[in-house]
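J.: My structure is below; once you've seen it, I'll send some questions.
The values are calculated or read from the model by the stated rules, or taken from the named source; none is laboratory data. Since the model is a prediction, treat every value here as computed from it, not as a measurement. As a convention, Cβ positions derive from the backbone with ideal geometry for all residues, glycine included, and neighbour counts pool all protein chains shown. For the accessible areas, the whole protein counts, side chains as well, though only heavy atoms, and no ligand, DNA or RNA atoms are used. Shrake-Rupley method; radii C 1.70, N 1.55, O 1.52, S 1.80 Å.
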Amino acid sequence: MLIIGLTGGIGSGKTAVSDLFESLGVDVVDADVVARKVVLPGSQGLQAIIEHFGPVILEADATLNRRQLRNIIFSDPAEKKWLENILHPLIESEIKKKLQQSTSIYSILVSPLLLETKQSQLVDRVLVIDVPENLQLERVQARDQQSFEQVRAIMKSQLSRVDRLAKADDVIINDADFATLKENVEALHQFYLTLVQKNEKNN
Ligand code: ATP
């Protein structure tokens with residue numbers, strides 16, 4: 001089964017692209033959705049977090065206080081590492097499970113941390129959504145009402161464009177309108193279908 005890993009910086013268009021693939025009948029596993037699932041009330045992940053930080057890390061309704069956790073790990077690299085050591089294996093095994101359940105001709109794993117984690121080992125090819133930085137800043141500011149500085153800080157904490165592109169097998173440059181993006185996705189979809197056919201012939 002061919003698995004494509006789809007990644008890109010903040011606001012590059014990962015969701016827009018994965019929605020287009022989904023509309024073509026491709027099963028999409030979203031690592032962000034999985035990452036939220038592994039810390040739901042009653043989960044092993046949330047239990048470990050409560051034991052480590054204490055119940056102060058919970059909201060009044062016993063769900064995880066994500067903002068507080070984000071603030072802690074943003075200012076404390078050791079706590080960030082601790083959290084990653086707990087959550088990444090849980091996320092990876094849940095992603096694996098979901099990919100195994102996929103029934104489409106090929107499937108897609110969309111993840112902002114594909115290249116920074118072992119998630120890259122779960123995929124056969126890496127598709128990077130690339131966007132010029134000025135456009136990235138503009139789109140994220142418009143979408144999230146965040147300041148220029150806030151968006152820049154997030155961009156700086158992520159892999160650089162060059163490093164990400166160096167790891168790509170396929171690239172979509174998302175610097176035009178949605179119609180162009182759709183055309184690019186459709187072309188790539190055809191390419192992936194031919195890869196699947198070639199694989200089937202060889203087996
Ligand atoms: P994040 O990393 O924050 O999850 P993302 O990579 O999933 O973001 P999207 O949410 O798909 O990115 O896109 C970011 C914003 O840019 C959205 O508001 C989206 O509608 C807009 N956008 C994406 N592609 C285009 C395009 N080709 N033309 C115009 N706007 C676009």
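J.: What whole-number value in Å² describes the accessible area per residue of the chain for a 1.4 Å probe? Numbers along the way, then the final one.
T.: Values: 11630 Å² over 203 residues.
Result: 57 Å² per residue.
J.: Moving to a separate point now. Roughly speaking, what is the centre-to-centre gap between the range 166-203 and the range 46-105 when only Cα atoms are used, to the nearest Å?
T.: One Cα centre to the other: 32 Å.
J.: Under 17 Å Cα-Cα from Lys98, which lysines qualify once same-chain neighbours fewer than 8 residues away are excluded?
T.: Those lysines meeting the cut-off are Lys37, Lys118.
J.: Multiply the residue gap between Ser160 and Asn199 by 0.36 nm, knock off their C-alpha separation, and tell me the result in nm, one decimal place.
T.: Separation in residues times 0.36 nm, less the Cα-Cα distance, equals 10.8 nm.
J.: Roughly how many Å² of Arg70 are accessible to a 1.4 Å probe, to the nearest 10?
T.: 140 Å²
J.: Quick check: net charge around Ile4, other residues with Cβ under 14 Å of its Cβ, Lys/Arg +1 and Asp/Glu -1?
T.: It works out to a net charge of -3.
J.: For the chain, with a Gaussian network of springs between Cα atoms less than 10 Å apart, report the residue from Ser18, Ser160, Ser111 with the top mean-square fluctuation.
T.: Ser160
J.: In degrees, nearest 10, range 0 to 90: what is the angle between the Cα axis of helix 66-75 and the longest Cα principal axis of the chain?
T.: Here the helix axis deviates by roughly 90 degrees.
J.: For a quick check: with amide H placed at 1.01 Å from N, whose amide H comes under 5 Å from Val29's, ignoring anything fewer than 5 positions away on the same chain?
T.: Ile108, Leu109, Val110
J.: Right, next: Normalised by the residues of the chain, what does the relative contact order come to in percent, with Cα pairs under 8 Å and at least six apart? Intermediate values should be presented prior to the final figure.
T.: Working: 245 pairs, mean separation 72.8, N = 203.
Relative CO of the chain lands at 36 percent.
J.: I've got another one for you. Would you kindly state how much longer the chain becomes between Asp124 and Gln68 on full extension, computed as 0.36 nm times their sequence separation minus their alpha carbon distance, in nm to one decimal?
T.: Stretched out fully, the Asp124 to Gln68 stretch lengthens by 16.6 nm.
J.: Per DSSP H run of n ≥ 4, the term is -39500 (n - 2.57); total these for the chain, divide by its residue number, and report the mean residue ellipticity at 222 nm rounded to 500 deg cm²/dmol.
T.: Theoretical 222 nm ellipticity from helices: -17500 deg cm²/dmol.
J.: If you don't mind, there's one more thing I want to ask. Name the residue from Ser157, Val131, Leu20 whose Cα lies farthest towards the positive end of the charge dipole of the chain, charges +1 on Cβ of Lys and Arg and -1 on Cβ of Asp and Glu.
T.: Towards the positive end, the residue furthest out is Ser157.
J.: Could you pull the accessible area for Glu22 with a 1.4 Å probe, rounded to 10 Å²?
T.: Estimated to the nearest 10 Å², Glu22 gives 100 Å².
J.: Just round it to a whole percent: the fraction of Cα-Cα distances in the chain exceeding 30 Å.
T.: For the chain, the share of Cα pairs beyond 30 Å comes to 27 percent.
J.: Counting only the backbone N, which residues of the range 32-49 are under 17 Å from the spot 7 Å out from the Cα of Asp144 toward its beta-carbon?
T.: Label zone hits: 32-33, 35-36.
J.: What FRET efficiency do you get for Glu186 and Trp82 if R0 is 35 Å and r is their Cβ-Cβ distance, rounded to the nearest 0.05?
T.: Calculated transfer efficiency: 0.20.
J.: Quick one: pull the percent of accessible area on the range 2-198 belonging to carbon and sulfur, 1.4 Å probe, ligands and nucleic acids left out.
T.: Here carbon and sulfur together make up 53 percent of the probe-accessible area.
J.: Same structure, new question: Dipole size in debye (nearest 20) for the range 2-198 around its Cα centre, Lys and Arg Cβ +1, Asp and Glu Cβ -1?
T.: The calculated dipole for the range 2-198 is roughly 360 debye.
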